[in-house]
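Beneath this line is the structure, given in C-alpha cells, with notes to follow.
Values quoted throughout were computed directly from the atomic coordinates according to the rules given, and no laboratory measurement underlies them. Values in this document were obtained by computation on a predicted structure and should not be read as measured data. Neighbour counts run over all protein chains shown; Cβ positions are idealised from the backbone, glycine included.
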Amino acid sequence: MHTDRFKAATLGLGGNIGDPVNAMASALQHLDARDDCRLTAVSRLYRTPPWGKTDQSFFFNACAGVETTLAPEALLDVCLEIEREMKRERIERWGPRTLDIDVLTYEGVEQEAPRLELPHPRMTDRGFVLMPLADFAGDLLVKGRTVRDWLATADVQGIEIADASFEWWRKP
C-alpha cells in the first residue's frame, strides 16, 4: 500500500555474522535504488558489544533516515525482503545474525500492532540504536523526549565508531 506523499521514517541496521558491514551497505543501496524509498541520511558505522545475549561476536550497527511512500507495514515488508535476499540467518532471539533491519520510527505514527510497534518499543533503552540515530536525528521526538535526551541516559559502554565517514555504505 502506498500513501500519496513521502513520509519520514528511521531504520536501525545491525549484524555480526559473515560480512555485516557489506550486508548493511548493500541493504541501504537496495533501499535507495527503489522508487518508493529514498535515503535522506545515514549514520556513521558503529562497532558495539553484544546485547541481551552476550556470548557472541561484536555487532556493527548503523541507522538510516528514509523518505517513503510506503505505509509502515509495507516498509517493514521491504526490509524483511531485503534481509531474506541477503541470506539473513537468525539463530536465536538477540543472537548472532547476518543482517537485521528494524523500522524505528515512522512520521506521525504511534501504534501497538502485533506486526509492527511504532516507535520501536525498545529503541529508547539501546545505546547501539540511539548513538547512530543521534548522528542525524538528535532532535527527533520519541515518546515525548528527543533522541539526544534518551541517549544521555543510555548505556553506551563499549560502543565505538568503526567508520567515521557518513559515506561508508557507498564504498565498493
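Note that the chain shows a convex hull volume over its alpha carbon atoms of 111 Å³ per residue.
Cβ crowding within 10 Å ranks Leu13, Leu31 as Leu31, Leu13, fewest other Cβ atoms first.
Length gained on full extension, Glu110 to Asn22, computed as 0.36 nm times the residue gap minus the Cα-Cα distance: 28.5 nm. Neighbour counting of Cβ atoms within 10 Å sorts the residues Arg38, Arg170, fewest neighbours leading, into Arg170, Arg38.
Go ahead and run the numbers for FRET between Asp125 and Glu67, Cβ-Cβ distance against an R0 of 45 Å, rounding to 0.05. E between Asp125 and Glu67, to the nearest 0.05, is 0.95.
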